[in-house]
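To start, the structure itself, in structure tokens.
What follows is calculated from the coordinates using simple rules that are stated; it is not laboratory data. Since we're looking at a predicted model, the values are computed, not measured.
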Amino acid sequence: MAATADGIRAPQQARSQDSTDRMLDAALTLLDRDGMTGVTIAAISRESGVSNGALYHRFGDRRGLLLAAHDRFLSGLEADWLDASVPIWGIADPDWLLAELVRAYLRVFTDRRRIFRAFLLSKDSDSDVLARGLDTSRRGARFIVEQLAGRFGCPPDPATVAYELLYAQAMLIVLFDDDELPAHGVPEDVRRDQLTRAMAALLHG
């Protein structure tokens with residue numbers, strides 16, 4: 001079986017691809033349920049129904065599997081965000097567009113908060129996780145800033161700061177459970193509304 005540039009052996013048959021998919025899905029399930037400490041070779045083997053030997057053969061070690069799971073997570077994230085955001089950019093009213101952008105963007109992070117958290121907290125110990133995450137984050141940021149500046153007719157700076165407000169709220173969601181948020185007690189819809197108003201003030205100048 002041929003190996004790719006990163007040393008991971010490329011599956012050549014549908015059955016091998018199915019096993020690979022099950023192992024990656026199992027890793028993401030465990031990250032969501034148990035965090036990074038719950039992702040062990042034995043746990044992934046149990047969750048996926050694939051042998052330890054097959055896992056080592058495909059990914060080399062736990063880190064190889066985690067990097068592949070991280071890539072799968074980021075690819076799925078980008079695809080889901082694209083699906084969610086395409087209709088938003090077609091909204092004619094800028095303020096309605098902004099409200100829908102806030103709702104959809106925060107939902108992406110809320111739905112995946114534990115997996116985001118696991119990878120985010122491991123970035124300092126794994127430069128590849130950091131680099132791949134930054135690349136995805138920066139690419140998404142550039143796109144949203146360009147869209148906001150174009151739709152609101154404002155310079156890049158206020159559009160950038162408006163996006164940073166949105167991203168900061170997303171990071172609060174990732175790093176803290178609902179009852180741990182510094183401003184615990186503010187209903188989600190109120191928080192979104194206030195965030196939308198703050199962003200609109202920047203964008204309208």
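Remarks
- Highest mobility in the GNM of the chain, judged by mean-square fluctuation with C-alpha springs under 10 Å and restricted to Gly76, Gly185, Gly64, is found for Gly185.
- Most fluctuating residue given options Ala170, Ala54, Ala92, as computed from a GNM of the chain linking Cα atoms under 10 Å: Ala92
- When Rg and the Kirkwood radius Rh are both evaluated on Cα atoms of the chain, their ratio Rg/Rh stands at 1.04.
- Each helix, a run of at least 4 DSSP H residues, gives -39500 (n - 2.57); summed and divided by the residues of the chain, these come to -25500 deg cm²/dmol at 222 nm.
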